[in-house]
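Structure first, then comments.
No lab work stands behind these numbers, since they all come straight from the coordinates. Because the structure is a prediction, the values reported are computed rather than measured. Cβ: placed from backbone, ideal geometry, glycine included. Neighbour counts: every protein chain shown.
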Amino acid sequence: MTSSPSRGSTSRLQTHRFLMLYALAAAGGSAAYAPFLSLLLPMRATQTFGENGIEVLSYTAFVGALAASAGSIAFGWASDKSGHRRGWVLAGVLLSSLLLVAMRFAVTVPMLLALIVAWQIALNMMLCPLLAWAGDSIPDTQKGTLGGVLSLAPAMGALIGALITIPGLADPDARLILNAGIVLAMVLPIVIFGKPVPMPQLMAPSAPSDALPPAEAMPIEHIGGQGRQVARMWLARLLIQIAEAALFAFLLIWLRILDGRVTDNDTARIFTGVLLVCVPLAFLAGRWSDRTGRPRVPLTVTAGAATIGLLVMAAAPNVSIGIAGYLIFGVLAGVFLALHSSQTLRVLPRPGTRGRDLGIFNLTNTVPSLIMPWLVLAIIPNFGFSALFLLLAGFAGLACVLLATMKRF
């Protein structure tokens, strides 16, 4: 998609101060959910509900994904209508932190599910307006740098999870309070001190959309000729997210099939290594795309390279090659997802519905949790992991083709 001159060409840059505050807030957004969902909630469910813990976790994952999807769209739309993002971010971080601490009172399944739904809604009251704020404030010439900033978030989420679970540091209830306090310390600075340089060119409607009916009356896929480009970006991310979700859930099982000596700690170190390597690569690729004005190239290349990693996994005869294949996929998919999050802001056609449209894009983060279990159950028992990896490689390859054949944006 060709950017309109008013939005794509400007000499004004956002300040490094705001970018640093935004990096801290984005990392706080990851810390708001990653430690709880990956560590604190599973431990609490097994301690509270015993042998029914896994079943309870399945319920929480399902209702949480639905609540997150609804909350992301709703509060993205609300922040569009209100004309500001800061207040929604503040309300969301305060409410989600309170609800996180309240999880210690969830002693029955209905109470836990109700708190999970409320917490996911409050969390997305913060997360979607926060991303839309970047779209309002960071020009296209810094979108690649923004992608590098966003790559820090998953690594920081993993690091905070490791910190608050240090043995002897805090009991399970205190960990919730500690987690909430860290999130507040990371997100509140941008709310209080974040004063971005105004970017009026980012708030001006693009020329092709000026003559269209109000966006509120139109689904996103029909907004002018840009709809096809938006749909390609959405589908490409969804395909990569499905592959990543499947491997995150089942990598340990597959590695143990290749070598029974593999432990959960080995897998955790692989995940951590992937997250750490992603950060400098995303920064380098993002800065390159900013300097050259070719934002689509890193997305296409990383999607293609992720495909190669999955093909290596499908053909892996031993655990060493299997891990090598996953490292290729995991690192390149991580870079892809970070850069995609920032470059998505480039193709959304209407600033007035940016939050709502980002809420729709965020379905790519929750829909895979609903699709992936059924996909895995249908393939692995009948055809094995190699067939699953070939299918996922097909998904990643299709994402690469979708991006490679897009018009320049």
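So the values come out like this:
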| item | result |
| --- | --- |
| Amide H partners (placed H, <5 Å) of ALA170, local residues excluded | none |
| Mean separation of Cα contacts under 8 Å, 6 or more apart, over the residue count of the chain: relative contact order % | 28 |
| Approximate spin-label separation PHE248-LYS407, in nm, with each point projected 7 Å along Cα-to-Cβ | 3.4 |
| Selected from VAL274, SER342, ALA249, residue furthest toward positive end of dipole (the range 221-409; charges at beta carbon) | SER342 |
| Selected from VAL301, VAL117, GLY28, residue furthest toward positive end of dipole (the chain; charges at beta carbon) | VAL301 |
| 3J(HN,Hα) from dihedral phi, the range 47-60, Karplus parametrisation 6.51/-1.76/1.60, rounded to Hz, x for glycine, proline | 5, 7, 10, x, 5, 8, x, 5, 5, 5, 4, 5, 4, 5 |
| Restricting the range 239-289 to trypsin sites (Lys or Arg not before Pro) in coil, as DSSP defines it, with at most 16 other Cβ within 10 Å | ARG261 |
| Backbone HN-Hα couplings from phi across the range 237-251 [Karplus 6.51/-1.76/1.60, Hz, Gly and Pro as x] | 5, 4, 5, 5, 5, 4, 4, 5, 5, 5, 6, 4, 7, 10, 4 |
| Radius 14 Å from Cβ of GLN14, net charge of other residues (Lys, Arg +1; Asp, Glu -1) | +1 |
| Cβ-placed point charges (K, R +1; D, E -1), dipole of the range 221-409 about Cα centre in debye, nearest 20 | 820 |
| Theoretical ellipticity at 222 nm over the chain - DSSP helices of four or more residues, -39500 (n - 2.57) apiece, nearest 500 | -26500 deg cm²/dmol |
| Projected label distance in nm at ASP266 and LEU235, using a 7 Å step from Cα toward the beta-carbon | 3.9 |
| Table column - 3J(HN,Hα) (Hz), the range 394-405, Karplus curve with 6.51, -1.76, 1.60, x for Gly and Pro | x, 4, 5, x, 5, 4, 4, 5, 4, 6, 5, 9 |
| Gain upon complete extension [PHE62, VAL367; 0.36 nm per residue less C-alpha separation] | 108.8 nm |
| Taking the C-alpha atoms of the chain, convex hull volume expressed per residue in Å³ | 134 |
| Kirkwood Rh in Å, taken over the range 237-343 so that all alpha-carbon pairs contribute | 14.2 |
| Descending semi-axes in Å of the range 221-409, equivalent ellipsoid built from Cα gyration tensor | 30, 18, 14 |
| For VAL197, residues with placed amide H under 5 Å, excluding near neighbours | THR15 |
| In nm, spacing of pseudo-spin labels at ALA162 and VAL109 (7 Å Cα→C-beta vector) | 3.6 |
| Alpha-carbon centroids, the range 360-409 and the range 66-93: separation in whole Å | 28 |
